[in-house]
Amino acid sequence: METVLLERKQGVSYIHLNRPDSFNALNSDMLQELLEVVKSVEENEDKVIILTGKGKAFCAGGDINMMKDFKEKVFFDDVMDTIDEIALRLYTMPKIIVSTVNGSAAGLGLSLALTADYVIAHQEAKLGMLFLGVGLVPDGGGHFWLEQRIGTHQAKQFIWSMKQVQGKEAKMFGLVDILTDGDALDHAKGLLDKLFHSPIQSMLHTKKVFRSTKIEVLKEYLAQEKHAQWELGKTHDHQEGVSAFLEKRKPLFKGE
């Protein structure tokens, strides 16, 4: 089964995360597929991208089973470099990006959703970073996207809280731009109509102006996140967090 699907319709590239049985959790193969799809979209003429998830969730984050293999440095580097390249390519893409969040957007899944210019979410969607639950820090540029949207202090508090916020609170918080009581992907149709009756080239130039001063900042965040994940992957708390998740119990962290 293809874990990432690309569909093109009327000037829009739809990128569908397609592991519904795993709530679209991202494993190494899926991340590689996502990168290849992003590269493909980068080269086409569509001016709008929609990121969405098949099934009941947008994306539950990084696959916990993948993390069990992070002790292997070559594997770790390959996965993290793929994540970083996806984030950078989406950030520098000269297109309008829309993410449509139904169900959960957690961890790396939330980082991916926040790469968008517009986040559309169902009012009962749940958004959270949740990396702390397995003794790690946000990656995929998670620190960067949160800082851009809610500021450094609020971002820090949100990461530390391990909280999942529902749609209405997420919108008040600044994580969501458009809230809907229906399917988020269906709701995107109204935004698409507005975008295609707008001077998109002007919008893209505004995006470029903001982006141009922040690319190196994002790269530094990604490098710091990668370094932190490698160091934290060797800690007791990370190993305990992963074990507790797999065993469906509360972790017993020791701060070491």
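Of note:
- Per the listing 79, 38, 74, the residue uniquely free of Cβ contacts under 8 Å to residues at least 12 places away in the same chain and assigned to a helix (DSSP H, G or I) is 74.
- When restricted to residues that are within 19 Å of residue 79 (Cα to Cα), over 13 Å from the mean Cα position of the chain (by Cα) and assigned to a helix (DSSP H, G or I), the range 11-34 contains 6.
- Selected residue [loosely packed, with under 14 Cβ neighbours inside 10 Å and not hydroxyl-bearing (Ser, Thr, Tyr)] from 220, 225, 240: 220
- Residues of the range 95-118 that are aliphatic (A, V, I, L, M) and assigned to a helix (DSSP H, G or I): 108, 110, 112, 113.
- Qualifying positions in the range 47-65 - over 22 Å from residue 84 (Cβ atoms) and free of Cβ contacts under 8 Å to residues at least 60 places away in the same chain: 54, 55, 56, 57
- Considered as a group, the residues in the range 97-118 that are within 15 Å of residue 38 (Cβ to Cβ) and not hydroxyl-bearing (Ser, Thr, Tyr) include one that is surrounded by the most Cβ atoms within 10 Å (Cβ to Cβ), and that residue is 112.
- A Cβ distance below 6 Å, combined with a sequence gap of six or more or placement on separate chains, defines the contacts here; from the range 171-196, residues that are of a type in the set (Gly, Ala, Ser) reach residues that are part of a helix (DSSP H, G or I) in the pairs 174/149; 174/150.
- Index of the failed condition, residue 170 passing every other in (1) surrounded by 19 or more Cβ atoms within 10 Å (Cβ to Cβ); (2) of a type outside the set (Val, Ile, Thr); (3) in contact with a helix residue (DSSP H, G or I) (Cβ under 9 Å, 6 or more places away or on another chain): (3)
- Among residues of the range 211-241, those that are in a helix (DSSP H, G or I) and under 20 Å from the mean Cα position of the chain (by Cα), counted: 17
- Filtered by the rule that a residue be farther than 27 Å from residue 94 by Cα and among the charged types (D, E, K, R), the range 116-148 gives 124, 126.
- Filtering the range 119-135 to residues that are in a loop (DSSP other than H, G, I, E, B), without any contact (Cβ under 8 Å) to a residue 60 or more places away in the chain and farther than 30 Å from residue 252 by Cβ leaves 123, 124.
Just so you know, all these numbers are worked out from the coordinates, no wet-lab data involved. As the structure is a computational prediction, the values presented were derived from the model and not from experiment. Every residue, glycine as well, gets a Cβ built from its backbone with ideal geometry; the counts of neighbours run over all protein chains shown.
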